[in-house]
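Undergrad: Once you've had a glance at the structure underneath, I'll fire off some questions.
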Amino acid sequence: MLLKFDPYGIYCPQADVYIDPWKPVKNAIITHAHSDHAKCGNQNYLSHRISVPILKFRLGEDIKIRGVEYGEEIVMNGVRISLHPAGHIPGSAQIRLEYKGEIWVASGDYKLQQDGVSTAFEPVRCQHFVTESTFGLPVYRFPEAKQTHADINTWWQKNKEEGKASVIIGYALGKAQRIIKHLDPEIGTIYTHGAVDNLNRLLTKDGLELPSTTRVAGETNKALFKGNIIVAPPSAIGTPWLKRFDPFSVAICSGWMQLRGTRRRKSADRGFVLSDHADWDELNTAVKETGAENVYVTHGYKSVFAKWLREELHLNAVEVDTLYEGESLNEGEAKENNNETDAEYEEIR
Amino acid sequence: MKKFAELFTELDQTTKTNAKIDALADYFAASDKADALWAVALLTGKKPKRTVKTSELKLWSMQLAGVNEWLFEESYHVVGDLAETITLLLPVSETQADYSLSGMMALLKTLDMKTEEERQQIIKEIWMQLNTPERFVFNKLITGSFRVGVSQQLVIKALAKNYKLVESNVAHRLMGNWIPETSSLENLLFNTDSTEDLSKPYPFYLAYQLDVPMETLGNISDWQIEYKYDGIRGQIIVRRGELFVWSRGEELMTDKFPEFEILKEALPDGTVIDGEILPFNGDEPMPFHVMQTRIGRKNLSKKSLADAPLAMMCYDLLEHKGEDIRMLPMSERRAMLETILEEIKEKNPSANAILKISPVFACSTAEEMIVLREASRDRMCEGLMLKHKDSLYEAGRRRGKWWKWKIDPLTVDGVLIYAQRGHGRRADLYTDYTFAVWSGDELVAFTKAYSGLTDKELVEVDSWVKKNTKEKFGPVRSVTPELVFEIAFEGINPSPRHKSGVALRFPRILRWRKDKSINDANHKEDLLDLIQQLSKPA
């Protein structure tokens, strides 16, 4: 077996490299820069070019990291390794490994929906496919993102008419840029939380085009927020930081907003279904398109999805324990808190 | 259906009272009267009869969705709501049709006369013509689980606003046994015909827990102070020689109280009394559970009547000689009530045994009230009622003129042993817990509790449960005994059905005792002692 799952992460002994290790190792390939996939302390990092400045920003400027393009081939002790678009967030990649005719793809987090900020997912043929299962239940079939973006703009417009500010919540890396990309700047000014602004700067420097935004600063005149929109990470929910926008309406963007219970439990006024993870149909499509006979199901509803793949698609599907968190709104908040340290709130010079 | 589903979504998305009233009033303004009437019925909790089996709905939705049984069940466990699970599993509909709400309700009513084949065809066709919010509301209606976060009071306010009526009149008109199939909105809201429903009760006036400082109450002697009895709040109505007994849950319960039949003759025509129905042993109130077993019975045997003789502790007089006297001050209503009961006492001893007057206590200081409140538990009471002597009899729960002042709850420390996913807004979290106390060196379950923790704590416990699961039984997980919670409750009764031998009334989580280990949890003996103490007559 070319890859195995050990206590440090997903390991390729032949190449002596780990994919998204959760404990420090010598060589690490990072699928994307979310903190449950990109840990600090590894000796050598490899990732897609776009992830490099983000990883340096989050893990330290001094990390040893090499950036590659999608499809660029690297050979490590005979193992041919290449990165392919995963469509999850900018710079996210599926990792393809080939050795003596055995082909594996570890897909990290992915989605098939096109989000306008990430390179679109590309199916990669393989024999062994490692897939997430964050939304691996048939009740998760997400509405078209186009409709959701239109709903967000309508909501913003309505708040504006009622003299309120709109606060929209999404992960600082990926979701926030996706939200901003589809906001209608005709309605008003787009403000950003510091954590979002920092990532916007890194990503726009790298070529991502976004509507112009203004960072919320301590001295910003409160009256200016009325009728405008503020993009903030989940860690901002329920903090005094929000008070300055009063009166405001708050909305959360997440795949979990598909369920009424979650929408109601989160103390938000609105929940928009907007996911950077594949839904049930996308997971099924992705697995089929790889042509893989062997599927390793990680974080999410893994037992359900693995059983489904065995029974319905007659694949060798097994569940694998990992420490990835997927898009959990609850633990996810902790995750955001962890990687948005105080340093991250500071202005990048 | 579209408009009604939009109304539902709006009500569901906001917690703001004014936004809800506006949404309701807009709906009434934009709907025809037949739809508005159905909306009033559904929003005030009148449930249509279920005409389709849940198992059928499940099967048909599985067929349309291409999902097998185990996958359906897994989905249901996560979603926690059958109507929503079906809504989300069904394929996206390609065509759209708009049904009127009243038309839809009429259609649903005919379903139980149809063959299974026909029912299946109709339901599947409707499903595939509705958008997601409509589908959800439709599924809630056919599964008989329609509920939305508006109180009757908000519906009343919105109706009054839209039709320019007086709120208290609307409230009275919505009471009782009207059914949307045979009523019309005109009849319900505007008809002044005297042949209207004789059984119609008045809306109950309910109090909030006292949460303002004592000093703000003003002169204590301006308040009528009574015990708060622990029974079934009810109204006894005698009109044109007929008797009706209503519970606060707007349930007509006349049949449950055969001993009240004699009141038909004893009370003057046109009398409505508000009070608390309780089991009595002579003049001693008995614990609530004595009545509970009797109320649950379909057929009342002589023995159950003898074991739990019921009477009404009378609080208030709402109708006198056919006149609605709710707008007279409390002190006058009380005087009239006393007069009626005095007359009965002389003329009719057996009716006198059934109609007891709730004693009024004279207190002039807050300290006296505190002493009285403490003593109330010994009288099987839950605390005090404070009613301002000038207060009118209002409709619904209101602040200011009436207060309830309950005694602090009883508490016990229990160990979390089972967790189950919640429903509704807690569906993806383990929030329904079973707690245990020690019996020797064994932990025995003694109660379930669902509420009391903050959302943040729920998330924390949920994550702990997932990491500390011992076994899974369907949706239930047994967990390592480790977490201790303080459980509050209002009463405790012996119960042979429970392993612990006790049953609690209104159990809820008071706080998470992170400072306690499982060895600090209470013992079964503590609970049995409590029952002993509480059932001792004063």
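Read-outs: derived from the displayed coordinates by stated rules, not from any lab. Computed from a predicted structure; not experimentally measured. With ideal geometry, Cβ positions are generated from the backbone for all residues, glycine too; neighbour counts draw on all protein chains shown.
Undergrad: Summarise the partner chain shielding of A:136-145 as one whole number: the mean count of Cβ atoms from other chains within 10 Å of each residue's Cβ. Intermediate results must be reported in sequence, preceding the final value.
TA: Numbers: counts 1, 10, 10, 15, 3, 6, 0, 2, 1, 0.
The shielding value for this peptide is 5.
Undergrad: Loop only by DSSP, 13 or fewer other Cβ within 10 Å of the Cβ. Give me the GluC sites (Glu not before Pro) in segment B:207-280 that pass, ordered by residue number. Before the final figure, lay out each step's value.
TA: Working: sites: B:Glu215, B:Glu226, B:Glu242, B:Glu250, B:Glu251, B:Glu259, B:Glu261, B:Glu265, B:Glu276; in loops: B:Glu250, B:Glu251.
Sparse-neighbourhood loop GluC sites (Glu not before Pro): B:Glu251.
Undergrad: Take every Cα pair under 8 Å in chain B that's 6+ residues apart, average their separations, divide by the length, and report that relative contact order as a whole percent.
TA: Values: 887 pairs, mean separation 66.2, N = 538.
Over chain B, the number comes to 12 percent.
Undergrad: With only alpha-carbon pairs counted, each pair once and no self-pairs, how large is the Kirkwood hydrodynamic radius of the protein assembly as shown in angstroms? Each step should come with its number before you reach the end.
TA: Working: mean 1/r = 0.0318 Å⁻¹.
About 31.5 Å for the protein assembly as shown.
Undergrad: Give me A:Val295, B:Val290 ranked fewest to most by other Cβ atoms within 10 Å of their Cβ, as a rough exposure proxy. Display every interim value, and only then the final one.
TA: Details: A:Val295 22, B:Val290 19.
Fewest-to-most Cβ neighbours within 10 Å comes out as B:Val290, A:Val295.
Undergrad: Here's a follow-up. I'd like the Karplus ³J(HN,Hα) series for segment A:184-192: coefficients 6.51, -1.76, 1.60, θ = phi - 60°, whole numbers in Hz, and an x wherever there's a Gly or Pro.
TA: Taking θ as phi minus 60°, the curve returns 9, x, 5, 6, x, 7, 9, 9, 10 Hz for segment A:184-192.
Undergrad: Follow-up question, since we're still on this one. Could you give the DSSP H helices of chain A that reach 30 angstrom or more along their long axis (alpha carbon positions) and whose average Kyte-Doolittle hydropathy is no lower than 1.6?
TA: Result, helices passing both filters: zero.
Undergrad: How large is the helix-only mean residue ellipticity at 222 nm for chain B, computed as the sum of -39500 (n - 2.57) over DSSP H runs with n ≥ 4, divided by its residue count, in deg cm²/dmol to the nearest 500? Numbers along the way, then the final one.
TA: On the way: 20 runs with 205 residues, N = 538.
Taken over chain B, the calculation gives -11500 deg cm²/dmol.
Undergrad: Taking the Cβ of A:Thr285 as the centre, find all other residues whose Cβ is under 15 Å away and add up their charges (Lys, Arg: +1; Asp, Glu: -1).
TA: Details: positive: A:Lys111, A:Arg125, A:Arg141, A:Lys288; negative: A:Glu122, A:Glu132, A:Asp279, A:Asp281, A:Glu282, A:Glu289, A:Glu312.
With Lys, Arg at +1 and Asp, Glu at -1, the net is -3.
Undergrad: Separate question: Averaged over A:254-264, how many beta carbons belonging to a partner chain fall within 10 Å of each residue's beta carbon?
TA: Details: counts 0, 0, 1, 0, 3, 10, 12, 14, 6, 3, 8.
Mean number of neighbouring Cβ atoms from other chains: 5.
Undergrad: Then there is this: Along the Cα-to-Cβ line of B:Gln533, 7 Å from the Cα, sits a label point; which residues in segment B:363-381 have backbone N less than 16 Å from it?
TA: So the set is B:374-381.
Undergrad: Now for a separate question. Kindly provide the helix-only [θ] at 222 nm of chain A, computed as the sum of -39,500 (n - 2.57) over DSSP H runs of four or more divided by all residues, to the nearest 500 deg cm²/dmol?
TA: Counting only the DSSP helices, I get -7500 deg cm²/dmol.
Undergrad: Percent antiparallel among DSSP beta bridges with both residues in the protein assembly as shown, to the nearest 5? Walk me through the numbers before you get to the answer.
TA: On the way: 93 of 140 bridges.
For the protein assembly as shown, the DSSP antiparallel bridge percentage is about 65.
Undergrad: Just to be sure I understand the model, the point goes 7 Å from the Cα along the line to the Cβ. What's the resulting B:Arg240 to A:Thr220 distance in nm?
TA: Spacing of the two 7 Å Cα→Cβ label points: 6.9 nm.
Undergrad: While we're looking at this one, here's another question. What span do the alpha-carbon atoms of segment B:205-406 cover on each of the three principal axes, reported in whole Å from largest to smallest?
TA: 50, 36, 32
Undergrad: Still on this structure: Identify the trypsin sites (Lys or Arg not before Pro) of segment A:106-142 meeting these criteria: DSSP loop state and at most 13 other C-beta atoms within 10 Å of the C-beta.
TA: In loop regions of segment A:106-142 (DSSP not H, G, I, E or B), the sparsely surrounded trypsin sites (Lys or Arg not before Pro) are A:Arg125.
Undergrad: State, to one decimal in nm, how far the label point of B:Arg497 lies from the label point of A:Gln43, with both points 7 Å from Cα in the Cβ direction.
TA: Using points 7 Å along Cα→Cβ, the separation is 6.7 nm.
Undergrad: Can you list the HN-Hα couplings for segment A:120-133, worked out from phi with the Karplus curve (6.51, -1.76, 1.60; θ = phi - 60°), rounded to whole Hz and with x for Gly and Pro?
TA: 5, 3, 10, x, 10, 5, 6, 9, 10, 10, 9, 10, 7, 8
Undergrad: Given a Förster radius of 35 Å and the C-beta distance between A:Thr189 and A:Glu144 as r, what FRET efficiency does 1/(1 + (r/R0)^6) yield to the nearest 0.05? Could the numbers behind the result be given before it?
TA: Values: r = 27 Å, r/R0 = 0.78.
After rounding, the FRET efficiency stands at 0.80.
Undergrad: Which three extents, in angstrom, do the Cα atoms of chain B have along their principal axes, listed largest first?
TA: Principal-axis extents of chain B (Cα, largest first): 73, 68, 51 Å.
Undergrad: Per residue, what volume in Å³ does the convex hull of the Cα atoms of segment B:410-535 enclose?
TA: Values: hull volume 13.5 nm³, N = 126.
Given the Cα convex hull of segment B:410-535, per-residue volume reads 107 Å³.
Undergrad: Can I ask one more? Please figure out what share of the DSSP beta bridges in segment B:410-535 is antiparallel and state it in percent, rounded to the nearest 5.
TA: Of those bridges, close to 95 percent are antiparallel.
Undergrad: Taking θ as phi - 60°, what are the ³J(HN,Hα) couplings along segment B:496-511 by the Karplus curve (6.51, -1.76, 1.60), each to the nearest whole Hz, with x for Gly and Pro?
TA: After applying 6.51 cos²θ - 1.76 cosθ + 1.60, I find x, 6, 9, 4, 6, x, 9, 10, 9, 9, 6, x, 7, 7, 8, 6 Hz.
Undergrad: If Lys and Arg each add +1 and Asp and Glu each add -1, what is the summed charge of the other residues whose beta carbon sits under 10 Å from the beta carbon of B:Arg119?
TA: Numbers: positive: B:Lys53, B:Lys114, B:Lys124; negative: B:Glu56, B:Asp112, B:Glu116, B:Glu117, B:Glu118.
Net local charge, B:Arg119 excluded: -2.
Undergrad: Compute the FRET efficiency between B:Ile370 and B:Thr15 as 1/(1 + (r/R0)^6), taking r as their Cβ-Cβ distance and R0 = 35 Å, and round to the nearest 0.05. Please list the in-between numbers first.
TA: Values: r = 35 Å, r/R0 = 1.00.
Efficiency computed from Cβ-Cβ geometry: 0.50.
Undergrad: In chain B, once you exclude exposed trypsin sites (Lys or Arg not before Pro) (DSSP loop, at most 12 other Cβ within 10 angstrom), what's the longest stretch remaining?
TA: Details: sites that count: B:Lys16, B:Lys49, B:Arg147, B:Lys164, B:Arg240, B:Arg297, B:Lys298, B:Lys321, B:Arg497, B:Lys514.
Answer from the scan: B:322-496.
Undergrad: Another question, then. Calculate, for A:Glu161 and B:Asp269, the FRET efficiency according to 1/(1 + (r/R0)^6) with r their C-beta to C-beta distance and R0 51 Å; round to the nearest 0.05. It would help to have the intermediate numbers written out before the result.
TA: On the way: r = 57 Å, r/R0 = 1.12.
After rounding to 0.05, the efficiency reads 0.35.
Undergrad: Write out the GluC sites (Glu not before Pro) in segment B:90-131 meeting two conditions: DSSP loop, and at most 10 other Cβ atoms within 10 Å of their Cβ.
TA: Working: sites: B:Glu94, B:Glu116, B:Glu117, B:Glu118, B:Glu125; in loops: B:Glu94.
Sites meeting the loop and neighbour criteria: B:Glu94.
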